[in-house]
Amino acid sequence: MQHLKNRIETALQEELVSVGSQLVRTASGKEYFLKSGRESDIYRCEANGLTELALAKSIRVAKVAAVGDDFIVTEYIRRGAASDDFFVRFGHELARMHRFQSETFGFYENNYIGDNEQINIPAGKESNDWTDFYFNKRLMFQYRLAERNGYATHSLQNGMKRLETSISSILGDSLEPPCLLHGDLWAGNFVCDENGRAVLIDPAVYYGHREADLAMTKLFGGFSPAFYDGYQQEYPLKPGWEYREGLYKLYHVLNHLNLFGRSYLHEAESLLRKYP
């Protein structure tokens, strides 16, 4: 812990008076949030993702104060009560973030989705073809991992084979330019600040299709209906998004299958059966 304390002090250029499991205090009275515990590039990837999200200037993002090989220090977000229009505003702000675009799909580096690697570097036409990027770098990557983990049942295999031939027609009418995505937007990856506003944390950033971000919000209970109302008011989705939603949920369900085991297998198989 002393070695970690010394390196954080060097990075912040300030003396620390306390280092807890999550809270760091400096001699000048500043407070920061600390995440540490292992040596991994996951911390630098998180820092780069937060920095990228802030470029859109549409929604508050936790500011990175320092990062190292085994830690990240961000501003300490003081929690507050959600305002009456919290979710409507959150929806509007996320929609505006999704208007921040790139010329290509993916990202300049690979990062992580949970503890699994997320492959963002496009190959060939994937940089300009969302269908190819999503199928290869998201679904097939997780499927191959499921094969190695022993989860590739006949149902899962057959569903992926069907999807390979049908995914272009499923996504064809919805295609849009690459936009900035949080990448792992569920209820645990935003907080409500002291002003009753949403703050984004723990991203798995890349540039992709905005429906992928919204589908993730529907897992694990979903957000308030007001969130989706606010989003649609600001930046309406193309028709047919309800049908495509399961395809985007599939990536995260496969990831959870690979992270946490067979309890997610039935859900993955069921999502695949929705598509001919």
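Quick notes on this structure:
- Single condition residue 187 does not satisfy, out of (1) on the phi < 0 side of the Ramachandran plot; (2) touching a residue at least 60 places away in the same chain (Cβ under 8 Å): (2)
- Helices (runs of 4 or more DSSP H) lying entirely in the stretch 1-101 (those with 2 or more residues that are over 30 Å from residue 230 (Cα atoms) and open to solvent by 20 Å² or more (accessible area, probe 1.4 Å)): 2-12, 42-54
Every residue, every condition in (1) surrounded by fewer than 18 Cβ atoms within 10 Å (Cβ to Cβ); (2) of a type in the set (A, V, I, L, M); (3) free of Cβ contacts under 8 Å to residues at least 60 places away in the same chain; (4) closer than 23 Å to residue 102 by Cα, yes or no:
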{"position": "181", "(1), (2), (3), (4)": "no, yes, no, yes"}
{"position": "198", "(1), (2), (3), (4)": "no, yes, no, no"}
{"position": "212", "(1), (2), (3), (4)": "no, yes, no, yes"}
{"position": "219", "(1), (2), (3), (4)": "yes, yes, yes, no"}
{"position": "246", "(1), (2), (3), (4)": "no, no, yes, no"}
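- Enumeration of residues in the stretch 40-75 that are among the acidic types (Asp, Glu), over 13 Å from residue 182 (Cα atoms) and under 17 Å from the mean Cα position of the chain (by Cα): 41
- Any hit, the stretch 188-196, residues being in contact with a Pro (Cβ under 9 Å, 6 or more places away or on another chain) and surrounded by fewer than 20 Cβ atoms within 10 Å (Cβ to Cβ): yes
- Pairs, first on the phi < 0 side of the Ramachandran plot and of a type in the set (Lys, Arg) in the stretch 228-242, second open to solvent by 40 Å² or more (accessible area, probe 1.4 Å) and in a helix (DSSP H, G or I), C-beta under 7 Å, six or more apart: 238/173
- Residue within the stretch 7-21 that is within 28 Å of residue 196 (Cβ to Cβ) and among the aliphatic types (A, V, I, L, M) present: no
- Selection status of residue 235, in contact with a Phe, Trp or Tyr (Cβ under 9 Å, 6 or more places away or on another chain), buried (at least 16 other Cβ atoms within 10 Å of the Cβ) and of a type in the set (Phe, Trp, Tyr): no
- Filter result (of a type outside the set (Ser, Thr, Tyr) and either at pLDDT below 95 or within 23 Å of residue 40 (Cβ to Cβ) (or both)) within the stretch 86-112: 106, 107, 109, 110, 111
- Across the stretch 120-151, the qualifying residues are those that are open to solvent by less than 60 Å² (accessible area, probe 1.4 Å) and farther than 19 Å from residue 249 by Cβ, and the one among them that is nearest to the chain's Cα centre (by Cα) is 120.
- When the test is whether a residue is at pLDDT below 95 and more than 21 Å from residue 12 (Cβ to Cβ), residue 58 does not pass it.
The values are calculated or read from the model by the stated rules, or taken from the named source; none is laboratory data. Everything quoted here is computed from the prediction, not taken from an experiment. When we count neighbours, we look across all protein chains shown, and the Cβ atoms used for this are built from the backbone with ideal geometry, even at glycine. Heads up: the accessible areas ignore ligands, DNA and RNA and are worked out on the full protein's heavy atoms, side chains in. Shrake-Rupley method; radii C 1.70, N 1.55, O 1.52, S 1.80 Å.
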